[in-house]
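Below: the structure, in structure tokens.
The values are calculated or read from the model by the stated rules, or taken from the named source; none is laboratory data. What you are looking at is a predicted structure, and each value in this text was computed from that prediction instead of being measured. Note: ideal-geometry Cβ built from the backbone for every residue, glycine included; neighbour counts use all protein chains shown. Protein only, heavy atoms only, side chains kept; ligands, DNA and RNA dropped before computing areas. Shrake-Rupley method; radii C 1.70, N 1.55, O 1.52, S 1.80 Å.
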Amino acid sequence: SQQGEEDPQALSIQEGENATMNCSYKTSINNLQWYRQNSGRGLVHLILIRSNEREKHSGRLRVTLDTSKKSSSLLITASRAADTASYFCATDYLDDYKLSFGAGTTVTVRA
Amino acid sequence: EAEVAQSPRYKITEKSQAVAFWCDPISGHATLYWYRQILGQGPELLVQFQDESVVDDSQLPKDRFSAERLKGVDSTLKIQPAELGDSAMYLCASSFLRAPGETQYFGPGTRLLVL
């Protein structure tokens, strides 16, 4: 079963704009990761945030985690056409080593 | 940069036939995962290996699916017989360790279409 749920399901923005997507999960976690998947390809790891962290940055990516609300957000700043992809949050929860993926947010960046 | 290799990339088969997928993880990665991804959904774990041992196959439909990693390196996932509902992307991933927060590296996937 899938632990996380992303919102929105799809997002269309203009190049240069920011894209924000959210992930909610159900049970206590160790870590939350974000992955990107280009159309018809495998997933690529973007960033990990641990349960005791509240915010992390990596290049144009900013991730926040609110464990009290069981939610995370991924912000992509100054979007580019190459950011067009599906983005998935994945959680590993206490006493378990496996990742549970959400259904993903599909982002389209228009030139 | 080292990558996870998968073959074939695409497979079309008729229902009731047998299919097999192959995965070669990144060298040195002890943990190997097989996922199934239905169109429009996130990947769902089918089976997880630590070296040559299965550590989690709770979501593997064992009546028709089998997986092996005989020498603890490459792995094969088999479906026999294939059913229409098996049409999906099959992804292989590997990680250095089996630990919370460990990054998983994914292959390009095998897209299966069952007719």
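The strands (runs of 3 or more DSSP E) found wholly in region A:21-111 and carrying at least 2 residues that are open to solvent by less than 10 Å² (accessible area, probe 1.4 Å) occupy A:29-37, A:43-50, A:61-66, A:71-76, A:85-93, A:105-110. Note on region B:26-37: residues that are under 30 Å from A:Asp7 (Cα atoms) and either at pLDDT below 95 or of a type in the set (S, T, N, Q) (or both) total 1. Give A:Leu75, A:Leu65, A:Leu43, A:Leu99 a once-over and let me know the one that is in contact (Cβ under 8 Å) with a residue 24 or more places away in the chain and either β-branched (Val, Ile, Thr) or farther than 20 Å from B:Pro100 by Cβ (or both). Every option except A:Leu75 fails the conditions. Check A:Glu6, A:Glu17 and return the single one that is facing another protein chain (nearest Cβ under 10 Å) and either of a type in the set (D, E, K, R) or touching a strand residue (DSSP E or B) at 6+ places or on another chain (Cβ under 6 Å) (or both). A:Glu6 is the lone residue from the list that is facing another protein chain (nearest Cβ under 10 Å) and either of a type in the set (D, E, K, R) or touching a strand residue (DSSP E or B) at 6+ places or on another chain (Cβ under 6 Å) (or both).
Entry remark, region A:1-31: residues being within 18 Å of B:Pro100 (Cβ to Cβ) and modelled with pLDDT of 95 or more number 1 in total. Looking at region B:13-115, the strands (runs of 3 or more DSSP E) lying wholly inside it that each contain 2 or more residues that are aliphatic (A, V, I, L, M), open to solvent by less than 30 Å² (accessible area, probe 1.4 Å) and more than 14 Å from chain A (Cβ to nearest Cβ) sit at B:75-79. Of all residues in region B:98-115, those satisfying the criterion of being closer than 19 Å to B:Gly28 by Cα and of a type in the set (D, E, K, R) are B:Arg98, B:Glu102.
Within region A:78-93, the presence of at least one residue that is modelled with pLDDT under 95, within 23 Å of B:Leu32 (Cβ to Cβ), hydroxyl-bearing (Ser, Thr, Tyr) and touching a Ser or Thr at 6+ places or on another chain (Cβ under 6 Å) is confirmed.
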